[in-house]
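Nothing in this text is a laboratory measurement; each read-out follows from the coordinates by a stated rule. All figures in this text were calculated on a predicted structure; none of them were measured in a lab. As a convention, Cβ positions derive from the backbone with ideal geometry for all residues, glycine included, and neighbour counts pool all protein chains shown.
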Amino acid sequence: MVRQYEVVRQRIKDLLLITDDNTPVDSKEIVELEMLSDLAEEYELEHYPVGTPSLPMSSNCECTK
């Protein structure tokens, strides 16, 4: 599964190099990019969840106004 994830990540990187804001949303590259991005996101949420920072960790941040 990790190998498949790495292949998907590389393909996403490749697609990002050949698409831009002017690429039609219905182009095969954008459709593939969206599909692979969704798959990668699902995998990351399951295997690499990002939790809410703990209070001690968040209290180390300086807030400026």
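Summary table below
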item: Nearest-20 debye value, the range 1-44 charge dipole, Cβ charges on Lys, Arg, Asp, Glu; result: 280
item: Gain on full stretching of the segment that runs from residue 23 to residue 41 - 0.36 nm per residue minus C-alpha separation; result: 4.3 nm
item: Cβ-based net charge around residue 5, under 14 Å, with every Lys or Arg adding one and every Asp or Glu removing one; result: -2
item: Inter-label distance for residue 11 and residue 50, nm, one decimal - labels placed 7 Å from Cα along Cα-to-Cβ; result: 2.4
item: Cβ-Cβ FRET estimate between residue 3 and residue 34, R0 fixed at 30 Å, reported to 0.05; result: 0.85
